[in-house]
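Asks: Sharing a structure here in structure tokens format.
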Amino acid sequence: MRRTVIAVGALLCGAGAVVAQQDVAVRQQNQMKEQGKHLYVTILKTAKGEIPYDQAAVDAAIAGLEVAVPKIPTVFATNPKQDVPNATFASSQKIWQSKADFDAKVPPVIKAIADVKGKIKDAASAKVAFDTVSAKCVDCHETYRVKLK
């Protein structure tokens with residue numbers, strides 16, 4: 001009986017560790033999706049004319065990026081060592097092998113956001129803002145993001 005209790009306890013601890021790792025991966029994925037929503041859904045679609053120009057929505061997207069982007073180093077502090085099931089993208093293990101370089105890619109994105117803040121007044125300036133910010137995001141994505149599907 002004692003062995004059974006110990007075996008079940010060990011299995012539950014192992015299952016708990018897997019769930020905890022999944023939670024980390026999900027938080028990381030949600031972080032990137034939130035930023036993507038602001039940059040790609042609001043700003044890029046505005047720039048392309050796919051959605052009507054809405055100053056309040058653009059300002060909210062920039063404000064959302066200002067809040068979300070500085071959190072990247074903290075959200076990616078823990079290596080989940082596994083991907084989110086059915087995800088399109090995943091974090092490369094290179095993040096945790098070169099954490100200082102990964103973290104160093106965040107300030108240029110923050111600066112790019114600050115540089116475009118208050119300058120988006122129409123679809124054309126939304127395009128400039130998108131290009132400015134996404135150019136800094138791509139630097140990290142090329143090195144530290146893995147396409148799964």
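The values are calculated or read from the model by the stated rules, or taken from the named source; none is laboratory data. From a predicted model like this one, the values you see are computed outputs, not experimental measurements. Here the Cβ is made from the backbone with ideal geometry for all residues, glycine too, and neighbour counts use every protein chain on show.
Asks: Does THR78 meet the test of being of a type outside the set (A, V, I, L, M, F, W, C) and at pLDDT below 95?
Replies: yes
Asks: Hey, any hits in the range 135-147 for a residue that's of a type in the set (Asp, Glu), outside any loop (DSSP other than H, G, I, E, B) and on the phi < 0 side of the Ramachandran plot?
Replies: Yes, the range 135-147 contains at least one residue that is of a type in the set (Asp, Glu), outside any loop (DSSP other than H, G, I, E, B) and on the phi < 0 side of the Ramachandran plot.
Asks: Another question about this same structure. Kindly indicate whether any position in the range 111-121 is at pLDDT below 95, in a helix (DSSP H, G or I) and surrounded by fewer than 18 Cβ atoms within 10 Å (Cβ to Cβ).
Replies: no
Asks: Separate question: Given (1) of a type in the set (S, T, N, Q); (2) more than 15 Å from ALA129 (Cα to Cα); (3) surrounded by fewer than 14 Cβ atoms within 10 Å (Cβ to Cβ), where does THR78 come up short, assuming only one miss?
Replies: Just one mismatch for THR78, condition (3).
Asks: Filter the range 65-110 down to residues that are farther than 17 Å from GLU142 by Cα and part of a loop (DSSP other than H, G, I, E, B), then give me how many there are.
Replies: Within the range 65-110, residues that are farther than 17 Å from GLU142 by Cα and part of a loop (DSSP other than H, G, I, E, B) number 11.
Asks: So which residues in the range 43-63 are small (Gly, Ala, Ser) and assigned to a helix (DSSP H, G or I), if there are any at all?
Replies: Passing the criteria: ALA47, ALA56, ALA57, ALA60, ALA61, ALA63.
Asks: All but one of (1) modelled with pLDDT of 95 or more; (2) surrounded by fewer than 17 Cβ atoms within 10 Å (Cβ to Cβ); (3) not charged (D, E, K, R) hold for ALA47; state the number of the condition that does not hold.
Replies: Only one criterion in (1) modelled with pLDDT of 95 or more; (2) surrounded by fewer than 17 Cβ atoms within 10 Å (Cβ to Cβ); (3) not charged (D, E, K, R) is unmet by ALA47, namely (2).
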